[in-house]
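Please read the structure below before turning to the comments.
Where a number appears in this text, it was derived from the coordinates with a stated rule and is not lab data. Please read these numbers as outputs of a predicted model, since none were measured by experiment. As a convention, Cβ positions derive from the backbone with ideal geometry for all residues, glycine included, and neighbour counts pool all protein chains shown.
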Amino acid sequence: MHIVVTIKQVPDTSEVRIDPKTNTMVRGGVPSIVNPDDTHAIEEAIRLKERHGGRVTVLSMGPPQAIAALKEAISYGADEAVLCSDRGFAAADTLATSYVLWAAIRRLDEEEPVDLVIAGKQAIDGDTGQVPPGIATRLGWPQLTYVRRIVEFDLAGRRIRVERMADGGIEVLEARLPAVLTVGREINEPRYASLPNMLRAARYQPRIWDRKTLELDETKIGLRGSPTIVSKVWAPPRRQRPPVIMLSNGDRDPDAVAADLLDRLIADGAFDWAPTPAPAAE
Ligand SMILES: Cc1cc2nc3c(=O)[nH]c(=O)nc-3n(C[C@H](O)[C@H](O)[C@H](O)COP(=O)(O)OP(=O)(O)OC[C@H]3O[C@@H](n4cnc5c(N)ncnc54)[C@H](O)[C@@H]3O)c2cc1C
């Protein structure tokens with residue numbers, strides 16, 4: 001069995017800043033992590049490997065720094081890693097990204113047939129959720145998105161059955177293999193890296209594939225292959241935490257609390273009229 005897990009190295013979002021002039025993310029000096037959903041994709045692949053044998057290849061497209069993310073995946077138990085990296089891949093939108101990853105999966109499939117691709121359901125920076133469906137469409141394989149549980153994985157019968165999170169309920173879906181799955185934190189609890197795997201990861205060097213290795217069409221990669229235009233990007237202003245008005249400890253008169261609440265709402269401009277003050281008690 002051969003599972004490919006796509007992983008993206010992303011900036012730690014709590015520290016993301018947007019350059020207001022260029023409308024791009026300021027990546028310099030920002031710590032990078034493996035996209036959180038992808039850690040669950042790695043874990044699910046390793047669990048399947050433990051049950052059915054075979055191997056797990058992790059795949060990423062990104063700059064050379066993304067090697068760190070691939071090494072991290074090796075430390076969790078992935079067997080092999082491939083980085084698609086080339087200056088020509090820069091400024092890729094989701095269409096161009098899925099093209100490169102598709103070409104790499106096709107090549108991995110030629111080396112050893114791929115039974116399953118597992119991806120995160122969403123990247124915390126780009127946040128589109130478009131790349132895995134793009135890969136599945138290009139491969140012509142079924143796509144099972146937002147999977148919260150693999151119910152049955154029948155390698156011999158070439159079928160997979162999953163529970164998928166849908167609006168207002170759970171769908172049980174069955175598809176033929178090979179297929180593309182997307183998963184998030186609901187599916188499992190990722191393990192910690194083991195010491196032997198950490199030692200292996202420290203020495204491990206992923207294979208690096210560029211546009212020549214993958215024999216790519218120059219018009220479909222990078223900026224040239226990206227029809228999406230980002231006209232403006234901005235970070236929403238931080239919302240201030242609203243004041244807390246204590247009602248529960250019983251040591252305040254409810255009328256005083258209500259009057260306090262009304263004063264605050266008026267001061268915050270919640271009304272476009274001013275309530276008439278109550279007549280003073282005689
Ligand atoms: C015009 C334009 C220019 C851009 N220029 C750049 C740029 O120069 N540099 C840059 O880093 N980004 C750039 N981006 C963002 C880039 O297109 C997206 O980050 C990328 O296509 C992935 O989309 P996403 O983040 O929405 O991933 P999603 O579709 O939300 O990701 C879902 C899953 O797909 C897989 N996946 C996604 N991306 C990758 C990847 N690269 N490698 C492996 N697996 C992946 C992961 O499993 C991930 O969990 C640009 C976007 C646009 C529109």
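With label points built 7 Å along Cα→Cβ from the Cα atoms of Met165 and Thr137, find their separation and express it in nm.
Modelled inter-label distance: 2.3 nm.
Among the chymotrypsin sites (Phe, Trp or Tyr not before Pro) in the range 150-251, which ones are in a DSSP loop with at most 13 other Cβ atoms within 10 Å of the Cβ? Mind listing them? Don't jump to the answer; show the numbers that get you there.
Values: sites: Phe153, Tyr192, Tyr204, Trp209, Trp234; in loops: Tyr192, Tyr204, Trp234.
Listed in order of number, the matching sites are Tyr192, Trp234.
Taking other Cβ within 10 Å of each residue's Cβ, how do Val56, Val257 sort, fewest first?
Val257, Val56
How many percent of DSSP beta bridges within the chain run antiparallel, rounded to 5?
Values: 20 of 45 bridges.
Looking only at bridges with both residues in the chain, the antiparallel portion is about 45 percent.
Have a look at Gly120, Gly88, Gly129 and tell me which one the Gaussian network model of the chain (Cα, springs below 10 Å) gives the largest fluctuation.
Of Gly120, Gly88, Gly129, the most mobile in the Gaussian network model is Gly88.
Using the basic label-point model (7 angstrom from Cα toward the beta carbon), what is the Thr228 to Arg191 distance in nanometres?
3.4 nm
Assuming R0 = 41 Å, can you tell me the calculated FRET efficiency for the pair Ser32 and Ile266, based on Cβ-Cβ distance, to the nearest 0.05?
E between Ser32 and Ile266, to the nearest 0.05, is 0.30.
If amide H atoms are built 1.01 Å from N in the plane of the peptide, which residues on other chains or at least 5 residues away come under 5 Å of the amide H of Leu144?
For Leu144, the qualifying residues are Val180, Leu181, Thr182.
Looking only at trypsin sites (Lys or Arg not before Pro) in DSSP loops with at most 16 other Cβ atoms within 10 Å, what is the longest site-free stretch of the chain? Don't jump to the answer; show the numbers that get you there.
Working: sites that count: Lys21, Arg27, Arg158, Arg185, Arg191, Lys212, Arg224, Lys232, Arg238, Arg239, Arg252.
That gives 28-157 as the longest site-free run.
If I model a spin label as a point 7 Å beyond the Cα along the Cα-Cβ vector, how far apart are those points for Glu111 and Arg176 in nm?
2.7 nm
For Asp125 and Ala90 in one chain, what is 0.36 nm times their gap in residues minus the Cα-Cα distance, to one decimal in nm?
Details: separation 35, 0.36 × 35 = 12.60 nm, distance 1.57 nm.
Full extension of this stretch gives 11.0 nm more.
In terms of the ratio Rg/(2.2 N^0.38 Å) built on C-alpha atoms, what value belongs to the range 146-245?
Values: Rg = 21.9 Å, N = 100, 2.2 N^0.38 = 12.7 Å.
Cα Rg divided by the expected 2.2 N^0.38 Å: 1.73.
Sorting Ser85, Ser231, Ser226 on the 10 Å Cβ count, fewest up front, what's the list? Spell out each step's value before the answer.
Working: Ser85 21, Ser231 5, Ser226 18.
Least crowded to most crowded, the residues run Ser231, Ser226, Ser85.
Would you mind calculating the gained length between His52 and Ala68 on full extension (0.36 nm times residue separation, minus the Cα-Cα distance), in nm to one decimal?
Values: separation 16, 0.36 × 16 = 5.76 nm, distance 2.79 nm.
That works out to 3.0 nm of additional length.
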